[in-house]
1. Check whether at least one residue in segment 560-575 is within 28 Å of Phe436 (Cα to Cα) and touching a residue at least 40 places away in the same chain (Cβ under 8 Å), and report yes or no.
2. Need the failing condition index for Lys167 against (1) open to solvent by less than 10 Å² (accessible area, probe 1.4 Å); (2) at pLDDT below 90, just the number.
3. Within segment 147-164, which residues are buried (at least 22 other Cβ atoms within 10 Å of the Cβ) and of a type outside the set (Val, Ile, Thr)?
4. Among the residues of segment 301-318, what is the count of those that are polar (S, T, N, Q) and part of a helix (DSSP H, G or I)?
5. Can you list the helices (runs of 4 or more DSSP H) found entirely within segment 324-427 that contain at least 1 residues being more than 22 Å from the chain's Cα centre (by Cα) and exposed (fewer than 15 other Cβ atoms within 10 Å of the Cβ)?
6. Give the residues of segment 294-315 that are out of contact with any helix residue (DSSP H, G or I) (no Cβ under 8 Å at 6 or more places or on another chain) and surrounded by fewer than 21 Cβ atoms within 10 Å (Cβ to Cβ), sorted by residue number.
7. Across segment 313-334, what is the total count of residues that are at pLDDT 95 or above and small (Gly, Ala, Ser)?
8. Hey, could you check segment 170-186 for residues that are open to solvent by 40 Å² or more (accessible area, probe 1.4 Å) and in a helix (DSSP H, G or I) and say which is nearest to Leu615 (Cα to Cα)?
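The values are calculated or read from the model by the stated rules, or taken from the named source; none is laboratory data. Since we're looking at a predicted model, the values are computed, not measured. So basically every Cβ, Gly included, is an ideal-geometry build from the backbone, and we count neighbours across all protein chains shown. These accessible areas exclude ligands, DNA and RNA; they are computed on the full protein's heavy atoms, side chains included. Shrake-Rupley method; radii C 1.70, N 1.55, O 1.52, S 1.80 Å.
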Amino acid sequence: MVNRISKYPSTLFLLMLLATLLFSGCASQKKIAKIPRPSATTPVITTHAPPSAQHSDTATPPQKQPDDPIEEAGSALIEEGTTPTKSWALLSRTTTLPIIDRPRHFLKISQHLFNKGQYEQALALLTQPGIFTNKTIEHSQRLLLLGQIYLKTENPKRALKVLGQIKADWREVYHQGQLLKAEAQLLTHQPISAALTLLRTANLDLTTHRQETIRAGWDLLTATHPEKLHKVRLNTSQDELAGWLELAVIATTSRESPAYLKADLEIWQLNYPQHPANNAIVPLYIQQKARPDTIALLLPMSSKYSEVANAIHDGFMTAHKISQSTGKVVVYDFGDEPQLASAYYKMAVEEGADFIVGPLGREAVNAMANNPDTSVPTLILGSNPTGTKEANIWHYGLPPEDEALFAAQISFQAGHRNALALYPDNRWGERIFNTFERHFTTLGGTLVESARYPTDKKDDGTLIRRLLGISKGESRKQRVQSAIGPLKYVPKRRADADMLFLVATPSDGRLLKPLINYHQGHDLPVYSTSHIYSGTPDTKKDQDLDGIIFGDLPWTAPSLAWIHSSWKQLADEKPITKGPLSRFYALGLDSYRLMAQLFQPESKSGFKWPGYTGLLTITPQGSISRKPIPMKISQGISTPISTLSSTGPQ
């Protein structure tokens, strides 16, 4: 039976949850595990120079030798404005160093370059032939740093390949490599593999981070369907890993009933009396809070936003159905009166809701800002208007700012430093542009010039010519012609920009990108947001968008094997897989799957999970940040850039 509470008669449903988690950083005080891993500024390379080569930390350190070519080259590479020719010429002089010293010096400079964000230069150094020898600690340290570079540059597949070559001979390097390997496995949508890597790695960790590593691996296991866990268990002969998998099956199948859970845990403990989970995990389940019996879903089902609300509702209920939960979901429809969202929220609390999802919409979210009752855990479907964390409140949605941040990040990582920007002359366009500019310049890039285009009339090319610097060339041509007579003129675009950030809808983009190409911008990389793509394949129309790179939801990419598999598994539920509404359907799916983690009483900051809407992270401010996947339109087809196309959640 389904109940809906609204201005109209209502509907009642249920809920259960598959949650997942991951890690980042290392804070031992957190109950939710965050994998301790090398940071971008913490050296992962330990140099083993002879004592005479090491400097003491004194007020006046010894002067370096003026003829040390590797030190000179390192400084030259890192200093801004130094030409690559000079730097590589200096590096070539390392052949004068003793062979045994070369790997150490290359690692030292590569680490400096990595810390400065100069990943391409560091990669070039680390892949120089004839420098590193197998079975040495420097070789393992090289592989570790390569893994970090590939993760930073959105290439987890390559990271997995190099990290898998690190041998266990060097315990500390191997341990750090395994933590990075787990991160790469998660980014390539292999959560079971990532979990087992973490649980094996925990045995190598003698620090206070061991418990965090165990929790990170455990949370990934318990976010997986029990049938998949059981299948992996049948192919696992190692006793400790088998114990982890069996315990995860118990946790994901028996926790709806405390009595069954207690009995199953007692049997498991008899079978695995020495297992590390007896101290690390089992006590948590003995004390665990039960799942919510009643979930309230606050949506404007009968409003002008009904299509969006219904798409979220359908995704949410699909996730509920396939979970086979015995709970109930009550839908509260506040219609076209967002100011009533707070009243419906209070009604849901009074009627016994254990968890609330919603409301949806900026006005409704703002109406919730002054609600003093935060006793019930709530996932609000919108951005946090105050920016401050409230107890039991989390914010999650698809704000365009997420994709503007992503565009700034991936364009900067691709080596672009000088950007042009073109965006619509309205509040929506300005929001996206401001976010891109702020993040791109924070990273170290420069916004060379920006322009707004009118949305009420077509551009005849004048604005594009001015932005690309073509009009300046034409003015110079006219001045020269007036002085010396007719001349042959080939227009050239400005040379001080190496990319363009374009904010546009599909219809505007199909007009603007051909104009950019025509006015000598055909070789200028163009980045955008998912708004450039309708979500419905249309190769004939979208050929005009060829070459544009943007971030989008994994759910919109059926060429990803795990998305194609999910579409097939949900075929009977008629999932929304095309058009703009497909993104909100995915939001509903992920909202449901986030709830189990948010309902538990322990700390949640640092939780990471690869969902249908992107890589999700719970921030200390109580927001769910979302990292899309990179896409590129080629021959009219939106296709994932290969670095993140992998097997998907297991």
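1. Yes, some residue in segment 560-575 is within 28 Å of Phe436 (Cα to Cα) and touching a residue at least 40 places away in the same chain (Cβ under 8 Å).
2. Of (1) open to solvent by less than 10 Å² (accessible area, probe 1.4 Å); (2) at pLDDT below 90, only one is false for Lys167: (1).
3. If the condition is that a residue be buried (at least 22 other Cβ atoms within 10 Å of the Cβ) and of a type outside the set (Val, Ile, Thr), then Gly147, Gln148, Tyr150, Pro156, Ala159, Leu160, Leu163 are the ones that fit.
4. Of the residues in segment 301-318, 3 are polar (S, T, N, Q) and part of a helix (DSSP H, G or I).
5. Helices (runs of 4 or more DSSP H) meeting the threshold: 341-350, 362-368.
6. Residues satisfying the conditions are Thr294, Ser302, Lys304, Tyr305, Ser306, Asn310.
7. Of the residues in segment 313-334, 1 are at pLDDT 95 or above and small (Gly, Ala, Ser).
8. Taking the candidates together, the pick is Lys181.
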